[in-house]
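All remarks here apply to the structure that follows.
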Ligand SMILES: Nc1ncnc2c1ncn2[C@@H]1O[C@H](COP(=O)(O)OP(=O)(O)OP(=O)(O)O)[C@@H](O)[C@H]1O
Ligand SMILES: [Mg+2]
């Protein structure tokens, strides 16, 4: 497990005026790792991703990718928001191609990429549909295909399945694991669903209430695919739940 | 034209009931008109429907004044087109600028609010003095009439872009310029189009008004000439032409909108 460090968060502090949200957070994510972050509502999970991507200025500390300050023009980062962010005026296919068109990728390549990822998330037959004709889970798939089509080196996901029912969530989680395995991309996945974190993550960061620090870091060595009914799974889930009870 | 015909037809066919009511309503109008024209004999002059329609179709080949009715319509439409296109381009630019830049909005909007309540026809005298009696003064009026609607709607469109979508585009590596061309503009299109739609019908009304006040040709002129010569049939012919063209223009806009804003169906 000697993978190089992909993302390094070093003594990160984030304040909104007087409100201290992130209080001295340090951790790193290895290349190709699947990291889950769990934390109570309002503790600053979204704030962390927004700080990482430069949507927010940070108050102190640093965040680096491959040892360099984050630069979205250079580092291929894909960020999947808490809310669905498909472009309503584009069809499924055009949405999946959106980022490639932005980057003036050759039409042929964009089409091929879109084809591949539409296939992987099972949207090929809906290619000509507009977002308002799709269900919530399909919208989220479009967003995921759009992210993977850029072949990101770092994928950030902010409670992407929070609004889906359990069954759909399982399906999308498995899809995500497949994509992750195939692409070898590094993933930071935020959730408040403990089971989801234990099911997906190779490592779980548990955050505290505001002002937010890292409460505990848990390695999750359960083999994949994980069985959510297995005793080891339940044990680990309970362990995380215990930590969270003190929120 | 063929496409408009097709859409109208499709819509009608889709709803036979509606078609029936349309036939009934027009039939009622024609009967009432016929009765009124018969009863009015010797008092006010109301020409019979058939007489008016006959004159209408005759005027397609026999000129009224120097031009056939189709030529008059062409002249009027050409002016509308010029004024409308210029107003649309400038209106979109200014509207979107106000939408994305609060500073631009702060500067431009007060002027705008001041000029807006002045109806376009109130500009006609000034416009004649500034631009002469030809086509330019009418184009100016049309410009004024459509400009406000396009601007306001473009502004609303640009202002109402979902910030989440802008964020998503930025995260996917879009520069400010690409955010504009790939997110702000396309997402404003339905608003802009609603503005263009109103603008075009208002333009048409303004053109007719300007022609009635002073003109040497065009469909509005047909009416004024009819009035000056006491030719009520001619007045009615002109009015029918105005109505038909107005209807065609708005249908045309609806068809174009339907194609461009397919994704936004539920709002139209
Ligand atoms: N732009 C902002 N300006 C001021 N305060 C903010 C801003 N964004 C977030 N905050 C505050 O920072 C804290 C953390 O918010 P954040 O959205 O990051 O929480 P979260 O962990 O993502 O919550 P949730 O689980 O509900 O998504 C909250 O108290 C919030 O009010
Ligand atoms: Mg959040």
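The values are calculated or read from the model by the stated rules, or taken from the named source; none is laboratory data. On a predicted model such as this, the values are computed, not experimentally measured, just so you know. Backbone-built Cβ (ideal geometry, glycine too); neighbour counts: all protein chains shown.
For (1) within 14 Å of chain B (Cβ to nearest Cβ); (2) surrounded by 15 or more Cβ atoms within 10 Å (Cβ to Cβ); (3) more than 9 Å from ligand 1 (Cβ to nearest atom); (4) in a strand (DSSP E or B), each residue gets a yes or a no:
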residue: A:2; (1), (2), (3), (4): no, no, yes, no
residue: A:6; (1), (2), (3), (4): no, yes, yes, yes
residue: A:10; (1), (2), (3), (4): no, no, yes, yes
residue: A:13; (1), (2), (3), (4): no, yes, yes, yes
residue: A:21; (1), (2), (3), (4): no, yes, no, yes
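Which of the residues spanning segment A:120-147 are within 11 Å of chain B (Cβ to nearest Cβ) and not in a helix (DSSP H, G or I)? Residues satisfying the conditions are A:128, A:129, A:130. Among residues of segment A:26-53 that are free of Cβ contacts under 8 Å to residues at least 12 places away in the same chain, those with a beta-carbon under 7 Å from a residue that is within 16 Å of ligand 2 (Cβ to nearest atom) at least six positions away or on a different chain give the pairs A:50/A:56. Comparison of B:163, B:186 shows that the only residue that is under 17 Å from residue B:105 (Cβ atoms) and either free of Cβ contacts under 8 Å to residues at least 12 places away in the same chain or buried (at least 23 other Cβ atoms within 10 Å of the Cβ) (or both) is B:163. Output yes when any residue across segment A:78-92 is assigned to a helix (DSSP H, G or I) and over 25 Å from residue A:218 (Cβ atoms), and no when none is. Yes, segment A:78-92 contains a residue that is assigned to a helix (DSSP H, G or I) and over 25 Å from residue A:218 (Cβ atoms). Is it the case, given these coordinates, that residue A:179 is in a helix (DSSP H, G or I), buried (at least 17 other Cβ atoms within 10 Å of the Cβ) and either within 14 Å of another protein chain (Cβ to nearest Cβ) or within 16 Å of ligand 1 (Cβ to nearest atom) (or both)? No, not satisfied.
When residue A:160 is tested against (1) within 29 Å of residue A:111 (Cβ to Cβ); (2) away from ligand 1 (no atom under 16 Å from the Cβ); (3) surrounded by 20 or more Cβ atoms within 10 Å (Cβ to Cβ), exactly one condition is not met: (2). Pairs are defined by a Cβ separation below 8 Å, a sequence spacing of at least 6 or placement on different chains, a first member in segment A:226-247 that is on the phi > 0 side of the Ramachandran plot and in contact (Cβ under 8 Å) with a residue 24 or more places away in the chain, and a second member that is exposed (fewer than 13 other Cβ atoms within 10 Å of the Cβ) and part of a helix (DSSP H, G or I); no pair meets this definition.
Here is a yes/no grid of residues against (1) touching a helix residue (DSSP H, G or I) at 6+ places or on another chain (Cβ under 7 Å); (2) crowded, with 18+ Cβ neighbours inside 10 Å:
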{"site": "A:188", "(1), (2)": "no, yes"}
{"site": "A:209", "(1), (2)": "no, no"}
{"site": "A:219", "(1), (2)": "no, no"}
{"site": "A:227", "(1), (2)": "yes, no"}
{"site": "A:237", "(1), (2)": "yes, no"}
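Of all residues in segment B:133-166, those satisfying the criterion of being within 11 Å of chain A (Cβ to nearest Cβ) and in contact with a helix residue (DSSP H, G or I) (Cβ under 9 Å, 6 or more places away or on another chain) are B:161, B:162, B:165, B:166. Note on segment B:170-183: among residues that are over 33 Å from the mean Cα position of the chain (by Cα) and more than 7 Å from every other protein chain (Cβ to nearest Cβ), the one that is surrounded by the most Cβ atoms within 10 Å (Cβ to Cβ) is B:170. Every listed requirement among (1) within 29 Å of residue A:5 (Cβ to Cβ); (2) modelled with pLDDT of 90 or more; (3) away from ligand 2 (no atom under 16 Å from the Cβ) is met by residue A:79 save one, (3). Being in contact (Cβ under 8 Å) with a residue 60 or more places away in the chain, touching a helix residue (DSSP H, G or I) at 6+ places or on another chain (Cβ under 8 Å) and either over 18 Å from residue B:88 (Cα atoms) or crowded, with 19+ Cβ neighbours inside 10 Å (or both) is a property that residue B:264 has.
Residues are listed down the side, and each one gets a yes or a no for (1) at pLDDT 90 or above; (2) out of contact with any helix residue (DSSP H, G or I) (no Cβ under 7 Å at 6 or more places or on another chain):
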position	(1), (2)
B:209	yes, no
B:212	yes, no
B:220	yes, no
B:229	yes, yes
B:234	yes, no
B:249	yes, no
B:259	no, yes
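Within segment A:37-72, track down each residue that is more than 8 Å from ligand 1 (Cβ to nearest atom), within 14 Å of another protein chain (Cβ to nearest Cβ) and part of a loop (DSSP other than H, G, I, E, B). Correct list: A:53, A:54, A:55, A:70, A:71, A:72. Taken residue by residue, segment A:103-119 has at least one member that is within 28 Å of residue A:46 (Cα to Cα), surrounded by fewer than 20 Cβ atoms within 10 Å (Cβ to Cβ) and within 13 Å of chain B (Cβ to nearest Cβ).
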